[in-house]
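Here is the structure we will look at, set down as structure tokens.
Nothing in this text is a laboratory measurement; each read-out follows from the coordinates by a stated rule. All values derive from a computational prediction rather than experimental measurement. Because the Cβ atoms are built from the backbone with ideal geometry, glycine has one as well, and the counts that use them run over all protein chains shown.
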Amino acid sequence: MSATTLPKCVLAAINFKGGTGKTTVAIALAEGLCHFLKKRIVIVDCDFQGSASIALLGRKTLNGLIAKGATVDCQLQKQIDEEKGLHLSTIAVKARHCVKEASGLIHVVPANPDMPRRERQLLASFLTQSNIHAAYDAASRKIADLFRSLLDEFDIVLIDCPSGLTLFSEAAIKAADGLIIPTLPNEISIAAIDHLRAELSRARPERSLEELLIGTVVSKLRQRGGSEHYRYQTQSIESLLDRVAPEFQILRPYLPYCRELEAATWRDGISAPVSFGDHYGQSSAKVEQLVHEFAEKCEAHMARLQVT
């Protein structure tokens, strides 16, 4: 991994279906890239539930930022209203509850529960000729540019997208150099990726899903200690994924459903930073392997983009 290098890039963790592990995967990859490659990473939390913000900053800190309007939606509104001297990086906050190896390297641009309402306000700023489609396109392009401007301060911009298609997720699609798609091992989650493919062809007609996809991460695989049930489930997953590979570029290993990974997004009670290995516990080896696999695929992906 020490030989792996990554150029500056904007990445989006996205799947239109909820509950697929987007935030868990985003945080695990961010902490791993900080740990092994010493990258400065900012996670842009675009989900109004604010799971990444709560996990990395704590609920009390997040509530204070919300009260001050120091959240991604409020800052975007200010910038679109052309207030001078504003930049998304000014509200990027150092993570308080990340693993010890990522301390000082991970920052968060926090979310806000009012984001769905703010989305309408942002859209209204671009609605000049009663053409809602043109306004949506213009607004998402402007927000995408503001997301990309974070590369002036950080090595990697990682956007944690909301479920479904929103103004923020469309902006993430337009800003992204590459996509990470967390998915559950079932037909419904896989079908949601086909929905993403269709929306991406509209929002980014110059790039296909295959051209932007770095990899798909299968998460929440229930393990039963090598039991017959687990072997049957794994075989069923392989059968399912055989129908969608190689287009979905499945990353290995799969992430299990376990206490450490589920707790990865709820750290508010942690008093002092713990090591990567201690935090992820029995899952740390698999998370590390996934980070290595992702970093190699991301490096190759960015090299291809530079050629094309």
**Asked** Sorted by mean Cβ packing within 10 Å, highest first, what order do the peptides 193-206, 173-186 take?
**Response** 173-186, 193-206
**Request:** Please turn the phi angles of segment 97-105 into ³J(HN,Hα) values with the Karplus equation 6.51 cos²θ - 1.76 cosθ + 1.60 (θ = phi - 60°), one per residue in order, whole Hz, x for glycine and proline.
**Result:** 10, 7, 5, 4, 5, 9, 4, x, 9
**Message:** I need the Debye-formula profile for segment 9-307: one equal scatterer per C-alpha, no solvent, reported as log10 I(q)/I(0) at q = 0.13, 0.14 1/Å, two decimals.
**Reply:** -0.88, -1.03
**Message:** I want the local charge near LEU196. Using Cβ-Cβ distances under 14 Å, sum +1 for each Lys or Arg and -1 for each Asp or Glu among the other residues.
**Reply:** +1
**Asked** Just going by the charge dipole of segment 125-171, with Lys and Arg at +1 and Asp and Glu at -1 on Cβ, which of HIS133, SER169, LEU146 is farthest out on the positive end?
**Response** HIS133
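Could you state, as a whole-number percent, how many of the C-alpha pairs of segment 49-193 are farther apart than 22 Å?
It works out to 43 percent of all Cα pairs.
Longer than 32 Å from Cα to Cα, which of LYS142/LYS286; LYS100/LYS220; LYS100/LYS142; LYS17/LYS60; LYS68/LYS174 are they? Say none if no pair is. Write down the numbers at each step before the final one.
Values: LYS142/LYS286 38 Å; LYS100/LYS220 25 Å; LYS100/LYS142 35 Å; LYS17/LYS60 28 Å; LYS68/LYS174 28 Å.
Long pairs (Cα-Cα over 32 Å): LYS142/LYS286; LYS100/LYS142.
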**Prompt:** What's the exposure ranking of GLU153, GLU31, GLU210, going from fewest to most Cβ atoms within 10 Å?
**Reply:** GLU210, GLU153, GLU31
**Fill in**
Answer in debye to the nearest 20: the dipole magnitude of segment 84-154 about its Cα centre, from +1 Lys/Arg and -1 Asp/Glu charges placed on Cβ, is 180
**Asked** What is the order of THR166, THR90, fewest Cβ neighbours within 10 Å to most?
**Response** THR90, THR166
**Request:** Give, in nm to one decimal, the length gained when the segment between THR5 and SER103 is fully stretched (0.36 nm per residue of separation minus the Cα-Cα distance).
**Result:** 33.2 nm
**Asked** Of THR5, SER89, THR20, which is farthest along the charge dipole of segment 1-97 in the positive direction, counting Lys and Arg as +1 and Asp and Glu as -1 at C-beta?
**Response** THR5
**Message:** Quick check: residue separation of ARG141 and ALA300 times 0.36 nm, minus the Cα distance between them. What number comes out in nm?
**Reply:** 54.6 nm
**Request:** Write down, largest first, the equivalent ellipsoid semi-axes of segment 1-83 in whole Å, where each equals the square root of 5 times an eigenvalue of the alpha-carbon gyration tensor.
**Result:** 25, 17, 14
**Request:** Run the dipole for segment 9-307 about the Cα centre, Lys and Arg Cβ at +1, Asp and Glu Cβ at -1, nothing else charged, and hand back the magnitude in debye, nearest 20.
**Result:** 540
